[in-house]
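J.: Could you have a look at this structure, given as structure tokens, before my questions?
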Amino acid sequence: MKKTIAFLLLLASASLAVAQSTESGIVKIRGTRLAYPLVNKWIEEFKKEYPQINVSIAPNAPADSIDFTIAAYALTSKDLENNRRGVAITRYVQLPVANSKRADLAQWQARGFSESDFKSLYFSPTPPNFFASTQAPSPITVYTRDKPACAAKTFAAHFGNDPKAIQGTGVKGDDQDLASAVKNDPNGVSFNNLGFIYDVKTRKVVDGLAVIPLDLNENGKVDKDEQVYATLDNVIGYVEKTNNAKFVDERVNVLFNKTSPNTAAGIFLNWVLTKGQTFNHASGFLTLNEKVLQEQRTIAAATFKAISVSSCEGADALMKTRSARKAPAQP
């Protein structure tokens, strides 16, 4: 009996492997580099299940060959013009950071940043003095991206501003270069997303950077229950649990053509919205709640007809897809 069960399990595994290996195609992605670490992880894990579907980040590929464009900001009606659709795939959080050797760092971390502090620091041409009693306040060098990238759009929008209004020294490159600018300047201050503030392996803040806590209740100090920055997982857990509006967080979306015939792209997107979510935290991103995920699957299913919107794990959706292909076409 045991041998029979073992044989059946082996046969089932072999059948699943064959079924998965028959799926083939090419999927190309480009867009904001903020999400590349997570997307690369998704590609790596997806490849284990679908070795014949080649998913790649292709920033230099022709625009008409791109299946998904990553946009890490709130989509507008303009983004959805010309047969475009958008689906949220994860969330990210941005925090204020300073150089870990900053002279008044301890004071900053004890006091925290309030909403007005953010506005004074990032949207005023004159750097504020947070400690009026200090005779010689430490200088502040604010760094920002030299171009209004996705993260900058999100950060500015959170405070009711245009990204072009963000003050500071422009840094060429991406958010990793922005983090490096702060690490190389004892007076440096900026904002960045969790995946570049924390080491995703140790889950601690990277060497050279220090998080400036948020004064969530605006009482002029960081209370014990607001001290949630010791590890990457502490921050993720707190934000997902509370959804406190004081945190600068936004969805990462993918844009695609609603008439896309690429079945492989639909399989990958469905996998991201199901199994792929289990890898978000490891890369410093937040998961979307099940209600939001279900909404995103519904949107995606309108383009990629093979996607099942009832799936929570992904496997049953893909099995239904394969069964549907074998069934005769309905009138």
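J.: Multiply the residue gap between residue 58 and residue 290 by 0.36 nm, knock off their C-alpha separation, and tell me the result in nm, one decimal place.
T.: 80.5 nm
J.: How do the peptides 164-177, 144-157 rank, highest first, by the average count of neighbouring beta carbon atoms within 10 Å per residue?
T.: 144-157, 164-177
J.: What share of Cα pairs, in percent, lie more than 28 angstrom apart in region 93-249?
T.: Percentage above 28 Å: 12.
J.: Beyond a 22 Å Cα-Cα separation, which of these cross-linked pairs lie in this structure: 28/204; 119/164; 47/147; 47/204; 164/221; 48/291?
T.: Long pairs (Cα-Cα over 22 Å): 28/204; 47/147; 47/204; 164/221; 48/291.
J.: To the nearest 0.05, what FRET efficiency results for residue 202 and residue 116 with a Förster distance of 25 Å applied to their C-beta separation?
T.: Efficiency, rounded to the nearest 0.05: 0.15.
J.: Another question, if that's okay. Give the shape of region 185-226 as rounded, prolate or oblate, defined through the alpha-carbon gyration tensor: a ≥ b ≥ c are the square roots of its eigenvalues, a/c under 1.5 means rounded, and otherwise the shape is prolate if a/b is larger than b/c and oblate if not.
T.: Because a/c hits 1.5 or more and a/b fails to exceed b/c, region 185-226 counts as oblate.
J.: Using the count of nearby Cβ atoms within 10 Å as a rough guide to exposure, how do 216, 105 rank from fewest to most?
T.: Listed from fewest to most nearby Cβ atoms, that is 105, 216.
J.: Here's something else I'd like to know. Need the full-extension length gain, residue 22 to residue 258, defined as separation in residues times 0.36 nm minus the C-alpha distance. One decimal, nm.
T.: Contour length minus the Cα-Cα distance gives 82.5 nm.
J.: Along the Cα→Cβ direction, 7 angstrom out, place labels at residue 187 and residue 45. What is the inter-label distance in nm?
T.: 4.4
J.: Taking amide H atoms as placed 1.01 Å from N in the peptide plane, list the residues 5 or more away in sequence, or in a different chain, whose amide H sits under 5 Å from that of residue 90.
T.: 252
J.: Please find the FRET efficiency linking residue 233 to residue 74, where r is the Cβ-Cβ separation and R0 is fixed at 35 Å, and quote it to the nearest 0.05.
T.: On the way: r = 26 Å, r/R0 = 0.74.
Here the calculated transfer efficiency is 0.85.
J.: Hey, can you grab everything whose amide H is under 5 Å from the amide H of residue 26? Only 5+ residues off in sequence or another chain; H modelled, so Pro and N-termini drop out.
T.: 54
J.: Let me ask you something else. Kindly write out, for region 99-113 in residue order, the coupling ³J(HN,Hα) from the Karplus curve 6.51 cos²θ - 1.76 cosθ + 1.60 (θ = phi - 60°), rounded to whole Hz, with x marking Gly and Pro.
T.: These are the phi-based 3J(HN,Hα) values: 5, 5, 9, 4, 4, 9, 4, 4, 5, 4, 6, 6, 7, x, 9 Hz.
J.: Another one. Extension gain residue 126-residue 243, at 0.36 nm per residue separation less the Cα-Cα distance, in nm?
T.: This chain segment gains 39.0 nm when fully extended.
Here, each number is a calculation from the coordinates, and none is a lab measurement. Quick caveat: nothing in here was measured; it's all calculated off a predicted structure. Using ideal geometry, Cβ is built from the backbone for each residue, glycine included, and neighbour counts are taken over all protein chains shown.
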